[in-house]
Structures are given as C-alpha cells and as structure tokens.
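The values are calculated or read from the model by the stated rules, or taken from the named source; none is laboratory data. Predicted, not measured: the structure shown is a model, and the values here were computed from it. Here the Cβ is made from the backbone with ideal geometry for all residues, glycine too, and neighbour counts use every protein chain on show.
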C-alpha cells in the first residue's frame, strides 16, 4: 500500500475526522508545528477536508455509503459536485445577464441564485 492511500485511509477514519472537526471548532493544533507545513501535512489536511465534505453530504442525505466503497467513487462524486456547482453558477450568470439586457435600467432587478445558497432581496420603494 502506498503512502497516498494510507493517508486517505487515515483521513477517512473516525478518529482523524473527529480531531479535524474539533481542531476547526476549538482552534487547536493538529500538528506540533502550526505554520510552514510540509507537503505531506498539506496533503493530509486536504484529504481531511475532502472526507469531511463527503461525510457532510452523507449526513445531509445527498449520497449513500456506497460512495465510500472505492476511492474512485469518492473522487468521481467530488468531480460531479464541482461540475454541477460550476454549471449552476454559469446558468445563474446567464439568467442574470439575460435579465439585465431586457431591463437595462436595473429597476426591479431580480437575480436567480443557485439552490442551497443564501439570497438577499433589495427593492426600491415606489416613486410617489
């Protein structure tokens, strides 16, 4: 087994996921050094974040545990998620641009926001 797979297995484990989440919440240090991380430390932190996101999606019901059966499934799901977010952003930008072209004054401007994001709506009071 190579070190890359070993690091992924460690990052996926409940023990290191718990430490990672607690380190984020309680501002504790995962490593003895707290700056000038080695390449291995950065890769391990990246893996911890990767699996933290996967476990969050599992908890939210967006995926099932089948994803965790093979690293290829994990990577494929992550790539799918990135592509989907990119397409949603592009679609929202296209709709905003289309709306701006049809309403150049900007009055009563509405922007469509991708699902799962926050939205603030600012309106002008009508002129009297």
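The table that follows gives values for the structure above.
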| item | result |
| --- | --- |
| Residue list for the range 6-52, filter: farther than 27 Å from residue 72 by Cβ and assigned to a helix (DSSP H, G or I) | 22, 23, 24, 25, 26 |
| Cβ pairs under 6 Å, 6+ apart, first in the range 49-62 and surrounded by 13 or more Cβ atoms within 10 Å (Cβ to Cβ), second in a helix (DSSP H, G or I) | 51/11; 51/12 |
| Lone qualifier among 72, 63 - being out of contact with any strand residue (DSSP E or B) (no Cβ under 6 Å at 6 or more places or on another chain) and in a helix (DSSP H, G or I) | 72 |
| Check on residue 70, on the phi < 0 side of the Ramachandran plot and surrounded by 12 or more Cβ atoms within 10 Å (Cβ to Cβ) | no |
| Among (1) modelled with pLDDT under 95; (2) exposed (fewer than 13 other Cβ atoms within 10 Å of the Cβ), the one test that residue 15 misses | (1) |
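Each row is one residue, and each column tells you yes or no for (1) in contact with a helix residue (DSSP H, G or I) (Cβ under 7 Å, 6 or more places away or on another chain); (2) surrounded by 12 or more Cβ atoms within 10 Å (Cβ to Cβ); (3) at pLDDT 90 or above.
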{"site": "25", "(1), (2), (3)": "no, no, yes"}
{"site": "47", "(1), (2), (3)": "yes, yes, yes"}
{"site": "74", "(1), (2), (3)": "yes, yes, yes"}
{"site": "82", "(1), (2), (3)": "no, no, yes"}
{"site": "86", "(1), (2), (3)": "no, no, yes"}
{"site": "90", "(1), (2), (3)": "no, no, yes"}
{"site": "97", "(1), (2), (3)": "no, no, no"}
{"site": "104", "(1), (2), (3)": "no, no, no"}
{"site": "121", "(1), (2), (3)": "no, no, no"}
